[in-house]
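Everything on this sheet refers to the single structure shown next.
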Amino acid sequence: MNYIKTIIIFAISFTVLVSCSINVTMSGASIPENINTYSVQYFDNRAPLINPTLSQEFTEGLKDRVTNESRLKLATNTGDIDFSGEITGYSIRPMAIQADAISAETRLTMNVKVRYKNYKDPKQNWESSFSAFRDFESSQNINAVEADLTKEMVEEITENIFNKAFADW
């Protein structure tokens, strides 16, 4: 009797698994077939506090994100879609003030304004601001942690831009 139950359960499980299918993409990107190329304009740093390498890091980070997570090819001029904008904020400010008026944590914040143009479907164009921040202990020197924190913020912001542009978020 147990043998028959096992066979029935196996048959039902096999039938369910074979009849169900799920189409999954790794990035979740939904890019129309008529879009084949993209371009990223240089993002100028217009923040009051200037990190001399931030514009280059951000611009290349956005190019890498789109190249690695989509089928699109980077165009030498203007692509079917184009990203442009500027870094509008980059600041360091104290957080978590203690009783002795000394900050326990410091926050590094980055803001980027992005313009997305879809030349194949202009109704899809948008302009939006993105931001990210990282907190670190005030006892740490900003020069020691800035590169790593900036890299993390660039990754977070470029992921959010990619999702807004291609994943219908």
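Some notes on this structure:
- When residues of the stretch 118-143 are limited to those that are open to solvent by 80 Å² or more (accessible area, probe 1.4 Å) and either touching a Lys or Arg at 6+ places or on another chain (Cβ under 6 Å) or assigned to a helix (DSSP H, G or I) (or both), the one farthest from residue 78 (Cα to Cα): 143
- Flag for residue 51 being polar (S, T, N, Q), modelled with pLDDT under 95, surrounded by 17 or more Cβ atoms within 10 Å (Cβ to Cβ) and in contact with a Ser or Thr (Cβ under 8 Å, 6 or more places away or on another chain): yes
- Residue in the stretch 150-169 that is loosely packed, with under 15 Cβ neighbours inside 10 Å, at pLDDT below 90 and farther than 18 Å from residue 41 by Cα present: yes
- Of the residues 75, 104, 99, 29, the single one that is touching a Phe, Trp or Tyr at 6+ places or on another chain (Cβ under 7 Å) and modelled with pLDDT under 90 is 29.
- Look at the stretch 38-50: where a residue is part of a loop (DSSP other than H, G, I, E, B) and a partner is of a type in the set (Asp, Glu), sitting 6+ places away or on another chain with Cβ atoms under 6 Å, you get 43/86; 46/86.
- Lone qualifier among 88, 78 - being part of a loop (DSSP other than H, G, I, E, B), touching a residue at least 12 places away in the same chain (Cβ under 8 Å) and within 22 Å of the chain's Cα centre (by Cα): 78
- Criterion violated by residue 164 - all others in (1) out of contact with any strand residue (DSSP E or B) (no Cβ under 6 Å at 6 or more places or on another chain); (2) assigned to a strand (DSSP E or B); (3) of a type in the set (D, E, K, R) satisfied: (2)
- For residue 89, the conditions (1) open to solvent by 50 Å² or more (accessible area, probe 1.4 Å); (2) over 15 Å from residue 155 (Cα atoms); (3) in contact with a strand residue (DSSP E or B) (Cβ under 6 Å, 6 or more places away or on another chain); (4) not β-branched (Val, Ile, Thr) all hold with the exception of (1).
- Taking the conditions (1) open to solvent by 60 Å² or more (accessible area, probe 1.4 Å); (2) in a helix (DSSP H, G or I); (3) charged (D, E, K, R) in turn, residue 146 satisfies each one other than (1).
The values are calculated or read from the model by the stated rules, or taken from the named source; none is laboratory data. On a predicted model such as this, the values are computed, not experimentally measured, just so you know. Methodologically, a virtual Cβ is constructed for each residue, glycine included, from the backbone with ideal geometry; neighbour enumeration extends over all protein chains shown. Ligands, DNA and RNA are stripped out before the accessible areas are found, and what is left, the full protein with its side chains, is counted by its heavy atoms. Shrake-Rupley method; radii C 1.70, N 1.55, O 1.52, S 1.80 Å.
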